[in-house]
Amino acid sequence: MRLTPYAELRTRVLRESFSDASGRAVLRDADSNYVPISITERLVQAIWYDQRIQRENLATTDGCPLRVIFPGWWNVEAGPDFRHATVQFGDEPERKGDVEIHLRAGDWRQHRHDSDPRYNDVILHVVLWEAGADAISRTRAGMPVPQLALQHHLAAPLEALYDDIDLDSYPHGVRPHGGGCVNVMHQLAPLQVHSLLDHAGDERFANKTRKFIRWIHRAGPEQAFYEGWMEALGYKANKSAFRALAQRLPLALLAENRTVIAPLLFGVAGFLPTTASDDPFVKRLWKSWWKLRPDFEEKVLPDTAWRRAGIRPLNHPHRRLGAAAALLKKRPKLLENVLGSIESGGDPSKLFAQVRDEYWAQHCALGGKKQARPMELIGTLRAQQIVSNVVLPFLAACAEINSDPRLLEQVRARYTALPAGEPNTLLRLAGQQFFASDKEARTHLDTERRQQGMMQILLDFCVNDKSLCRNCRFPEMVACWRGQVRTPHAPREGEPGIGGSSRGA
Ligand code: SF4
């Protein structure tokens, strides 16, 4: 049977854009006719996702024994095909990272992954066919990426897998990794699901509270709060760099140097160019920084502390640091302000979202192109996340340390009432893993507390699971939960709530 004209055209067009996006194989139908089929990367992704391979005696193309402990989660966004995989090469310690799938080894270079920093964390390059295996795949950082050729390790002949796999269902419609989550979650009444998520959300909140209790004991409340919101401004990629900066430039030091906050921050971050800039703002920073530099030279962060690749221009670390400088300058009593806002029933997120800065309203990076339309410095959603992840757990920590049940109650009420934020990739994946559909997941993940609860369950169980769900104890825990929950939503008397002291610090 011939390919349809549509299939012929699609294959040709795909080949033109990515000449190796699909390949041909030939299989025999029941009447012994030879039938050409189109093998796509998506098919190989589905094979990898379901681990339809002979998992024993796997080896990389250079002969190193390989054990796949967890194939990773299907990535539906830009970047490598699978995230958070765990593998082991020979007797080495287990490695966690990303997995990229191709039809042939040479596709790595053809798709230019060797110059794309988003692929720097790939720990395994999985290809269907060995053709081109002589080309060693390397990350942009120059690291060689071990390669597995599936053609020798498939669990069934390729044509059988092709027939068996319904590609339309991947990744959203298929049963997640054989885990029993969907089944057990469906056995819970909606109120029981909400109760489980609420309690898990409280545990996540309590973890953050414990962290702030430690930080307050170490550095005092003002510095701990400052480190917390600085870390939050770093987003995922630059959290530790922002916190390191906050520790190298403590709040007390900045308070004594209020006129040079921005030059100090940008100078110690290592962001000020060593060559002359035409940008008047950069010139002004530099004019102050060169006088300060001798005293702060040893504190300057190395460039390797920062991650810029794969970050949206609006979240560029320069802009986020501009937001920090604006906050420090315009809200010298930020901690007092947020406390006042909580106590008076106000909205503390406005203290972050309403900060303005003329330069950063129009620039994404220092000395960068001026943008046509003004941009918010800290968006409303980001400001709400700072309240959820920093302000409230920090205040809960203060309430714990000072034995202040009134403040703890106010914080608890705020956290419980926070609306759901924009779901991130992990939450979307959780929707598939736990509820079988995004639509159903949204009906359960309808508050920030429940979203945080979902994250906690993912971290407690999925991230640590190395058995493709087979040995995971979460379904068992849910069954117990079902038997135990008597009054969903409202904690029973004496039961620890968020940041509750009975959880310990
Ligand atoms: S690892 Fe556990 S909790 Fe996560 S999807 Fe699998 S069975 Fe569910």
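The values are calculated or read from the model by the stated rules, or taken from the named source; none is laboratory data. Note that this is a predicted model, so its numbers are computed, not measured. Because the Cβ atoms are built from the backbone with ideal geometry, glycine has one as well, and the counts that use them run over all protein chains shown.
Is it true that residue 296 is assigned to a helix (DSSP H, G or I), over 21 Å from residue 368 (Cα atoms) and in the same structural domain as residue 368 (by TED's automatic domain parsing)?
yes
Out of 200, 224, report the one residue that is within 16 Å of the ligand (Cβ to nearest atom), modelled with pLDDT of 90 or more, within 25 Å of the chain's Cα centre (by Cα) and hydrophobic (A, V, I, L, M, F, W, C).
Matching residue, one of 200, 224: 200.
Return only the number of the condition from (1) surrounded by fewer than 18 Cβ atoms within 10 Å (Cβ to Cβ); (2) of a type outside the set (Lys, Arg); (3) more than 30 Å from residue 88 (Cβ to Cβ); (4) more than 16 Å from the ligand (Cβ to nearest atom) that residue 424 does not satisfy.
Going through (1) surrounded by fewer than 18 Cβ atoms within 10 Å (Cβ to Cβ); (2) of a type outside the set (Lys, Arg); (3) more than 30 Å from residue 88 (Cβ to Cβ); (4) more than 16 Å from the ligand (Cβ to nearest atom) one by one, residue 424 breaks only (3).
Mind counting the residues in the stretch 432-475 that are away from the ligand (no atom under 11 Å from the Cβ), surrounded by fewer than 19 Cβ atoms within 10 Å (Cβ to Cβ) and β-branched (Val, Ile, Thr)?
Summing the residues that are away from the ligand (no atom under 11 Å from the Cβ), surrounded by fewer than 19 Cβ atoms within 10 Å (Cβ to Cβ) and β-branched (Val, Ile, Thr) in the stretch 432-475 gives 1.
Can you pull out every residue in the stretch 317-349 that is surrounded by fewer than 19 Cβ atoms within 10 Å (Cβ to Cβ) and farther than 21 Å from residue 222 by Cβ?
The answer is 345, 347.
If I filter the stretch 57-79 down to residues being under 11 Å from residue 147 (Cα atoms) and among the small types (Gly, Ala, Ser), which single residue comes out as nearest to the chain's Cα centre (by Cα)?
Once the filter is applied, the top-ranked residue is 59.
Could you please tell me which pairs satisfy a Cβ distance under 7 Å, a separation of 6+ or placement on different chains, a first residue in the stretch 451-473 that is assigned by TED's automatic domain parsing to the domain that holds residue 181 and outside any loop (DSSP other than H, G, I, E, B), and a second residue that is within 9 Å of the ligand (Cβ to nearest atom) and not aromatic (Phe, Trp, Tyr)?
Within 7 Å, the pairs are 454/430; 458/430; 461/472; 462/433.
Could you check, for the stretch 115-129, whether at least one of its residues is of a type outside the set (Ser, Thr, Tyr), modelled with pLDDT of 85 or more, closer than 18 Å to residue 62 by Cβ and surrounded by fewer than 16 Cβ atoms within 10 Å (Cβ to Cβ)?
No - not one qualifying residue is present in the stretch 115-129.
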